[in-house]
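Data first, discussion second: the structure below is written as structure tokens.
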Amino acid sequence: MLIIKNLHAEVEGKQILKGINLTVGAGEVHAIMGPNGSGKSSLASVLAGKENYEVTEGEVIFQGKNLLEMSPEVRAREGVFLAFQYPIEIPGVSNINFLKTALAEIRTHKGLPPLDAKEFLRLSKEKQKLVEFDAKLVNRSLNEGFSGGEKKRNEIFQLAMLEPALSILDETDSGLDIDALRIVSKGVNKLRSANNAFIIITHYQRLLEYIVPDFVHVLYNGRIVKSGTKELALELEEKGYDWLKEEAHENAPTI
Amino acid sequence: MANDNEIIDNIANKEYEFGFVTDIEMDVAPAGLNEETIRYISAKKNEPDWLLDWRLKGLQAFGRQKLPEWQNFALPTIDFQKISYYAAPKSKKKYDSLDQVDPELLATFEKLGIPLSEQKTLAGVAVDVVFDSVSVTTTYKEKLRELGIIFCSFGEAVREHPELVRKYVGSVVPYSDNIFAALNAAAFSDGSFVYIPKGVRCPMELSTYFRINTENTGQFERTLIIADEGSYVSYLEGCTAPMRDENQLHAAVVELIALENAEIKYSTVQNWYPGDKDGKGGIYNFVTKRGICKGANAKISWTQVETGSAITWKYPSVILQGDNSTGEFYSVAVTRNKQIADTGTKMHHIGRNTRSRIISKGISAGQGQNSYRGLVQIGPKADEARNFTQCDSLLIGDRCGAHTFPYIESKNNTATVEHEATTSKIGEDQIFYLNQRGIDSEKAVALIINGYAREVLNQLPMEFAVEAQKLLSITLEGSVG
Ligand SMILES: Nc1ncnc2c1ncn2[C@@H]1O[C@H](COP(=O)(O)OP(=O)(O)OP(=O)(O)O)[C@@H](O)[C@H]1O
Ligand SMILES: [Mg+2]
């Protein structure tokens, strides 16, 4: 589904991603961990097409197409969804109207007619239930005045509504209370299928107990320095990152 | 390297859709403003002496008045002697039905999307159309007449209902009010007149459509709306003009009179030609609009969506004379490219327990400059008067400006005056967030803008709210790269 080859990217002239290689197959869940500032959100942003990141080398193939050539909205319509680490507030734009517009755009892209009001409402109700999203938040302005946890849950509600092929969850667990974490994980597990894939960025092993990943990668200093299975997450929980940092420095290519 | 503003930096100039010129034979007065011109206009219109006298007083006042200096922009030089003060389609005959209207004219309004043809008027909006200086047609007149409602051109009102016109014209905006009001009093061409009798609720929206067509003419229409005791009317004005390199002056006057328990809702969707992206051409929209709540429990509500004009300069105001009367002002003003808007309102609280509400939403893009200027005045007798003002500015890009000038003058310490103001920017982050959900940047901006302006758009009659929403989106198209 997604093939990232030797991806280099910079922001403000500063090299952030320094040769990422990652292949995600349909039906897979990949976790990405790594210390603060290592480039996890940057990787997500580059995949989503954030303007201020410049790709200087490498390629990204998404479902057989060159992802880097697409505008952010086309990537989204093709099925890339980013649950933001810090969801943005948009005053005055109602959550549900926004979703209606988004879904219509995505469906048009796929050659499907927009849902009529009734079908849309039914879908919205169904997905609210799936991710146990508070109905009161559905009609409020998009993320405006939402609590940290409410914003994160709204991301998952949107994910459920838009049914993307590839979902990237950037620290969706941070800021969720224990119950919410369980609910969100349950929702994600229900959304998992053989046709979609998830990249889950997290600092905590706990989330990975709920959403069990097929692979765990450690990103450090713009590179994936270690990959493994879910046991790697446990090891990290125990040992921290220092041992990997040292290893990474030893193995760093000389420039 | 992408810099922070790249996304919101690329200001394109979306072509103005209504910029065409209609080729139609016109009667145009020679340029220049003097007694002779005024007499010419008055004679053309077969006016009674009292109105000619009033015009001449206006002319004298105009001579005495100076151009204001307090506005937040450089007032361009206007050569009042170069303007022609009267232009009318040549067939001066009064139209009894649409069939008699020049097909060229009808085609023009067709292009503008104005519902004139029979089937379109079924939409339930009575329309009066002012083309250059003359009212061309008023639809639905018969149906309104059955209810005793008068809705006609100003000129016709002078002929058919002189007592009403004479009693109220200049009673809210006197000819000496300001230089542009004086100019209008002297040279006003036509306009609309509405009278709603006691206790009648006008069953449809009344609407006037203004169009400046001829070159080097100004448009100086006058609107007078009288809502008698316990009546209600909702009135909408729309306007466009061809694209021309020269600036054209629009100096209209609107007077609203709401008697006891009456309510007037006045909405404007202003889309005069704004000039090109370098600020060449465009309409100077210098308009005096004022209403008076004369009796107790009267209500006047101004709603304006201002997207056009090179310069928009106006303060639709309410004099709250009757006890318990209410004044409202809802405004969205958009400036982009080099457009300027200096607009707001004045609420004069005179009666007891009067209230006013001001919601102003400025949107600036490109190098547009947007000023809100508002006065809330509480008189000594206005016990328990209340005002609430919300004044928001939205910036798109970083070369535009937003300014607010709220003035409060209170002579009564039982009054409550609240003022809230915010300034926000459409952030790259917001646009990216929406992009990431499949929405392109144009649509993203439209969503954000319409969300931002919703409180004001909601005040418009339904069918116009949709149009205004589209207009906002079109106006700002290309403002975000
Ligand atoms: N616009 C920017 N200008 C300069 N530096 C930036 C910019 N955006 C990100 N960076 C830098 O890029 C590096 C990687 O940031 P990123 O947000 O990808 O880290 P992260 O792995 O997601 O960290 P965290 O776990 O704290 O979320 C950091 O050093 C950050 O300061
Ligand atoms: Mg991060």
- Note on the structure: Picked from the stretch A:190-204 (must be more than 14 Å from the chain's Cα centre (by Cα), open to solvent by 60 Å² or more (accessible area, probe 1.4 Å) and away from ligand 2 (no atom under 16 Å from the Cβ)), the residue nearest to the other protein chains (Cβ to nearest Cβ) is A:N195
- Query: When the stretch B:311-329 is examined, which residues are found to be touching a residue at least 40 places away in the same chain (Cβ under 8 Å), in contact with a Ser or Thr (Cβ under 9 Å, 6 or more places away or on another chain) and over 14 Å from B:G291 (Cβ atoms)?
  - Reply: B:T312, B:W313
- Task: Test A:I32 against the criterion of being within 16 Å of ligand 2 (Cβ to nearest atom) and within 17 Å of the chain's Cα centre (by Cα), and give yes or no.
- Result: yes
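Quick check on my filter: what residues within the stretch A:41-61 are more than 7 Å from chain B (Cβ to nearest Cβ) and closer than 30 Å to A:V138 by Cβ?
The initial filter retains those residues of the stretch A:41-61 that are more than 7 Å from chain B (Cβ to nearest Cβ), namely A:41-47, A:49, A:53, A:55-61.
Those that are more than 7 Å from chain B (Cβ to nearest Cβ) and closer than 30 Å to A:V138 by Cβ: A:S41, A:A44, A:S45, A:L47, A:G49.
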- Note on the structure: When the stretch A:23-39 is checked residue by residue, the ones that are of a type outside the set (V, I, T) and either open to solvent by 10 Å² or more (accessible area, probe 1.4 Å) or within 10 Å of ligand 1 (Cβ to nearest atom) (or both) are A:G25, A:A26, A:G27, A:E28, A:M33, A:G34, A:P35, A:N36, A:G37, A:S38, A:G39
- Item | Close pairs (8 angstrom Cβ cut-off, 6 or more residues apart or separate chains): within 14 Å of chain B (Cβ to nearest Cβ) in the stretch A:16-39, within 16 Å of ligand 2 (Cβ to nearest atom) and open to solvent by 20 Å² or more (accessible area, probe 1.4 Å) anywhere | A:I16/A:Y53
- Message: Just to be sure I understand the filter: pairs with C-beta atoms under 8 Å, separated by 6 or more residues or on different chains, first member in the stretch B:341-358 and among the hydrophobic types (A, V, I, L, M, F, W, C), second member in a loop (DSSP other than H, G, I, E, B) and modelled with pLDDT under 95. Which pairs pass?
- Response: B:A341/B:S309; B:A341/B:G368
- Task: Would you be able to tell me the number of residues in the stretch A:182-205 that are away from ligand 1 (no atom under 16 Å from the Cβ) and either hydroxyl-bearing (S, T, Y) or under 17 Å from A:Y241 (Cβ atoms) (or both)?
- Result: 2
- Of the criteria (1) touching a helix residue (DSSP H, G or I) at 6+ places or on another chain (Cβ under 9 Å); (2) away from ligand 2 (no atom under 16 Å from the Cβ), which one A:V11 fails: (2)
- Of the conditions (1) touching a strand residue (DSSP E or B) at 6+ places or on another chain (Cβ under 9 Å); (2) under 23 Å from B:Y40 (Cα atoms); (3) at pLDDT 85 or above, B:N216 clears all except one; give me its number. (3)
- Task: Sort through A:D173, A:D179 and tell me the only one that's away from chain B (no Cβ under 14 Å), within 16 Å of ligand 1 (Cβ to nearest atom), farther than 17 Å from A:E28 by Cα and charged (D, E, K, R).
- Result: A:D173
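Can you tell me which residue is nearest to the other protein chains (Cβ to nearest Cβ) among those in the stretch B:418-436 that are open to solvent by less than 30 Å² (accessible area, probe 1.4 Å) and touching a Leu at 6+ places or on another chain (Cβ under 7 Å)?
Let us first name the residues in the stretch B:418-436 that are open to solvent by less than 30 Å² (accessible area, probe 1.4 Å), namely B:426-427, B:430-436.
Narrowing further to those that are touching a Leu at 6+ places or on another chain (Cβ under 7 Å): B:426, B:434, B:436.
Numbers: B:I426: 9, B:L434: 7, B:Q436: 5 Å.
It comes out as B:Q436.
Restricting to the stretch B:273-305, count the residues that are part of a loop (DSSP other than H, G, I, E, B) and more than 20 Å from B:Q219 (Cα to Cα).
As a first pass, look at the stretch B:273-305 and keep what is part of a loop (DSSP other than H, G, I, E, B): B:273-281, B:294-298.
Cutting the leftovers down to more than 20 Å from B:Q219 (Cα to Cα) gives us B:276-279, B:294-298.
Residues in the stretch B:273-305 being part of a loop (DSSP other than H, G, I, E, B) and more than 20 Å from B:Q219 (Cα to Cα): 9 in total.
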- Message: I'd like the full set of residues that are in contact with a strand residue (DSSP E or B) (Cβ under 9 Å, 6 or more places away or on another chain) and surrounded by fewer than 18 Cβ atoms within 10 Å (Cβ to Cβ), limited to the stretch A:205-220.
- Response: A:V212, A:D214
- Collect the residues in the stretch B:444-459 that are facing chain A (nearest Cβ under 7 Å) and touching an Asp or Glu at 6+ places or on another chain (Cβ under 9 Å), keeping them in residue-number order. B:Y452
- Can you name the residue in the stretch A:111-126 that is farther than 21 Å from B:G451 by Cα and either in contact with a Gly (Cβ under 9 Å, 6 or more places away or on another chain) or among the aliphatic types (A, V, I, L, M) (or both) and is also nearest to the other protein chains (Cβ to nearest Cβ) among such residues? A:L112
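With a cut-off of at least 1 residues that are modelled with pLDDT of 90 or more, name the helices (runs of 4 or more DSSP H) lying wholly within the stretch A:143-255. Can you show your working first?
Values: elements: A:148-162, A:178-191, A:205-210, A:230-239, A:242-251.
Correct list: A:148-162, A:178-191, A:205-210, A:230-239.
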- Of the conditions (1) at the interface with chain B (Cβ under 8 Å from one of its Cβ atoms); (2) within 30 Å of B:E455 (Cβ to Cβ), the single one that A:K100 does not satisfy is (1)
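Report yes if B:I448 is aliphatic (A, V, I, L, M), modelled with pLDDT under 80 and open to solvent by less than 70 Å² (accessible area, probe 1.4 Å), otherwise no.
Working: aliphatic (A, V, I, L, M): yes; modelled with pLDDT under 80: no; open to solvent by less than 70 Å² (accessible area, probe 1.4 Å): yes.
Judged against the criteria, B:I448 is not a match.
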- Using the structure shown, decide if A:L17 is in a strand (DSSP E or B), within 18 Å of the chain's Cα centre (by Cα) and within 16 Å of ligand 2 (Cβ to nearest atom). yes
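The values are calculated or read from the model by the stated rules, or taken from the named source; none is laboratory data. Computed from a predicted model, the values in this text were never measured in an experiment. FYI the Cβ positions are ideal-geometry reconstructions off the backbone, even for glycines, and counts take in every protein chain you see. Surface areas here come from the heavy atoms of the whole protein model, side chains and all, with no ligands, DNA or RNA. Shrake-Rupley method; radii C 1.70, N 1.55, O 1.52, S 1.80 Å.
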